[in-house]
1. Would you look at the GNM of the chain, springs on alpha carbons closer than 10 Å, and say which of Ala238, Ala193, Ala25 moves the most?
2. Probe radius 1.4 Å, ligands and nucleic acids ignored: give me the carbon and sulfur share of the accessible area of region 332-442 as a rounded percent.
3. Can you send over the carbon and sulfur percentage of the accessible area for region 122-217, probe radius 1.4 Å, protein chains only?
4. Starting from the Kirkwood radius over alpha-carbon pairs of region 179-274, derive D by Stokes-Einstein at 4 °C in a medium of 1.567 mPa s and give it in µm² s⁻¹.
5. For region 256-300, rounded, prolate or oblate, judged on the Cα gyration tensor with a ≥ b ≥ c (square roots of eigenvalues), a/c < 1.5 rounded, else prolate if a/b > b/c?
6. Would you mind getting the accessible area per residue of the chain, heavy atoms of the protein chains only, 1.4 Å probe, in Å²?
7. Based on a Kirkwood Rh over C-alpha pairs, give the Stokes-Einstein translational diffusion coefficient of region 46-121 at 4 °C and viscosity 1.567 mPa s in µm²/s.
8. Quick one: check the C-alpha center-to-center distance for region 161-206 versus region 2-68, whole angstrom.
Amino acid sequence: MLSFEDARRAVEEHAAEIRAACKDAHTQNTETLDLLSAAGRVLAESVGADRDIPPFPRATRDGYAVRSADLAKLPATLDVIAEIKAGAQPGEIPSQVKSGQAAAIMTGAPVPAGADAIVMVEYTSRQDKPAAIARVEISRSVAPGENIVARGAEAKSGSPLLAAGCQLNHAAIALAASVGKSRLEVYVRPRVAVLTTGDEIVDLDTEPGPTQIRNSNSYSLAVQIQQAGGEPVLLPIAPDEPKRLRELIVDGLRPDLLLMTGGVSMGRYDLVEQVLAEMKAEFFFTGAKIQPGRPVVFGRVRASKGDRLSAASGAQKKPAPEGRKTSPLSRTYFFGLPGNPVSTMVTFELFARPMLKALAGMLPRQLIFLHAKLKSEIRSKTGLKRFLPATLSGEFENAKVELVRWQGSGDIAATASANCYIVIPPDRENIPAGDWVAVLMR
Ligand code: AMP
Ligand code: MG
């Protein structure tokens, strides 16, 4: 039984191994997508600047392009020799702004040679007289370089902007657009098998008997897998019976990662660990000092690879893309997540997500909790790190958080009404209202 931090580090170490193995073997599958279809996916190429950014010295204010030295004495009156708008053609830009001169200029327009700063229009007054040369009176000085972004200051032509492994959020997509990339090469999503276990569990097409429970874990996991960049492969429900369970585990090891739920506690019919041990699995941990989710299991086992699941599994899956390369990993990682629905959700977040991200080709990112002020007191028992469903509210800088009432880690309704988890360290007993507490967002 590991502490939460040690268990998390164990996962991160294996995630790093996956990254290294995939990098060395160059086996990660990729596909090329239109820019917007690539949003949310993981970049498989590096994207560089196709020219200097900005490609010309860019005015960042509306005003007048001047020589800053001309404004040593104020007010100063300068001759206005041109008006330069954004997108001005080279012929419309004066070749030189000389001492005593200024050019009216708009935000986003190229700054003419000779000028070294922009005075904001707010500090100027125009003195146009008919038939006379236009003049401007300036009431504020500027430092050299003020309100100008020099050519290439944001990036030099050819310099890298996005690295393989970055997840393409809106800013990354904007950056790709800014260098003219209308298509991007991304990693193919890793496939994650989901195997739920339990004699009492029935799927949605079956009317549950009086003591049966509908399968919800496969569905929460499928959504979490998709959100983490994976493609879920739902297997049929496994009974608490070793032979059939083993068959389904064998099938579940063919994709890139196997997530099982249920059957990892101490009960007589909790067979997952036993079956995996018979298959000579390596276990990295078989419990973590957390609540919910204490019996969580992490390991790997040799698997016969291939895209076809056996007919016995009856799993619905799309055929793998043509020419899909096989994984360099001879063993498939698995998690045995405890079956209580909230335990399943929490242990996915804490442990399965970083593995999935590594398989997806994503660069590592450490788990960070945010902080919020506790709205009402918490009484807790010591010994386990707790991740309890909670509601984050408040506004702007005033984040407040409080636990939702729940009936324990089987309470899906309470968890669905929550929007985060409060993280309680194992040594805290009472936390008074007004204390800052750590929060795991979801
Ligand atoms: P287990 O981890 O197998 O001991 O299961 C713990 C609790 O979670 C039991 O009350 C199960 O009925 C419930 N449970 C297990 N699997 C699922 C599932 N797929 N969907 C909903 N509840 C489940
Ligand atoms: Mg069970």
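The values are calculated or read from the model by the stated rules, or taken from the named source; none is laboratory data. Treat the numbers as computed from the prediction; the structure is a model and nothing was measured. As a convention, Cβ positions derive from the backbone with ideal geometry for all residues, glycine included, and neighbour counts pool all protein chains shown. We work out accessible area using only protein heavy atoms, side chains counted, and drop any ligands, DNA or RNA first. Shrake-Rupley method; radii C 1.70, N 1.55, O 1.52, S 1.80 Å.
1. Ala25
2. 50
3. Looking at region 122-217 in its full context, I get 51 percent from C and S.
4. Answer from the Stokes-Einstein relation: 88 µm²/s.
5. Oblate is the answer for region 256-300, as a/c is 1.5 or above yet b/c matches or exceeds a/b.
6. 50
7. Here the translational diffusion coefficient equals 101 µm²/s.
8. Taking the Cα centre of each part, region 161-206 and region 2-68 sit 14 Å apart.
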